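I have placed the structure first, in the form of C-alpha cells, so that the comments after it can refer back to it.
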C-alpha cells in the first residue's frame, strides 16, 4: 500500500494499475476510456482504458477518451481518497469534465470499491 497524500502522481498511477489488475469485479461491465489531465504536473496526462473486462493504465493519451477529467494534483489526490465529491468539485471549478458526465459519476462509484486510501 502507498500513501496517496505523500506519493507522486506517477506512483499513484502505478498503484492504481496494480489494484485494477487485482480486483476486476468493479469494472466488469465498464467499456470506456477515461483521461485524467493533472493541470499542475508536467506531462500530466494519464488514461484508464476499460474494455472486455480488462483495465489498462497508460501514462499518456494513447486513445480517444470518452470522459476527460481535468484537475490539479491536490484535487486528484482528494478525489481518489473519496474526500472530493465529483459533483461538488465540478460545480466549484475544481474539476473540469469534458465528455460524458455520467461516466465521471460511474468512475467515482467504481473507485470507492478499491482501497486507495492507504
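List of remarks:
- Count of the stretch 45-60 residues which are surrounded by fewer than 15 Cβ atoms within 10 Å (Cβ to Cβ) and in a loop (DSSP other than H, G, I, E, B): 3
- On inspection, residue 54 fails the criterion of being within 10 Å of the chain's Cα centre (by Cα) and under 21 Å from residue 10 (Cα atoms).
- No other residue among 94, 77 is touching a helix residue (DSSP H, G or I) at 6+ places or on another chain (Cβ under 8 Å) and outside any loop (DSSP other than H, G, I, E, B) apart from 77.
- Scanning the stretch 20-34 for residues that are closer than 20 Å to residue 102 by Cβ and either modelled with pLDDT of 95 or more or under 15 Å from the mean Cα position of the chain (by Cα) (or both) turns up 26, 27, 30, 31, 32, 33, 34.
- Screening residue 37 against (1) under 13 Å from the mean Cα position of the chain (by Cα); (2) farther than 19 Å from residue 113 by Cα; (3) surrounded by fewer than 17 Cβ atoms within 10 Å (Cβ to Cβ) leaves a single unmet condition, (3).
- Residues of the stretch 61-74 that turn out to be within 15 Å of residue 111 (Cα to Cα) and in a loop (DSSP other than H, G, I, E, B), as a count: 0
- Within the stretch 69-91, being more than 22 Å from residue 11 (Cβ to Cβ) and either under 12 Å from the mean Cα position of the chain (by Cα) or modelled with pLDDT of 95 or more (or both) holds for one residue alone: 86.
- Long-range neighbours under 7 Å by Cβ, at least six apart or interchain, first residue free of Cβ contacts under 8 Å to residues at least 24 places away in the same chain within the stretch 95-114, second in a helix (DSSP H, G or I): 105/86
- Within the stretch 15-34, tally of residues that are loosely packed, with under 15 Cβ neighbours inside 10 Å, in a helix (DSSP H, G or I) and either in contact with a helix residue (DSSP H, G or I) (Cβ under 9 Å, 6 or more places away or on another chain) or free of Cβ contacts under 8 Å to residues at least 60 places away in the same chain (or both): 3
The values are calculated or read from the model by the stated rules, or taken from the named source; none is laboratory data. Note that the coordinates shown come from a computational prediction; the quantities given were computed from them, not determined experimentally. Every residue, glycine as well, gets a Cβ built from its backbone with ideal geometry; the counts of neighbours run over all protein chains shown.
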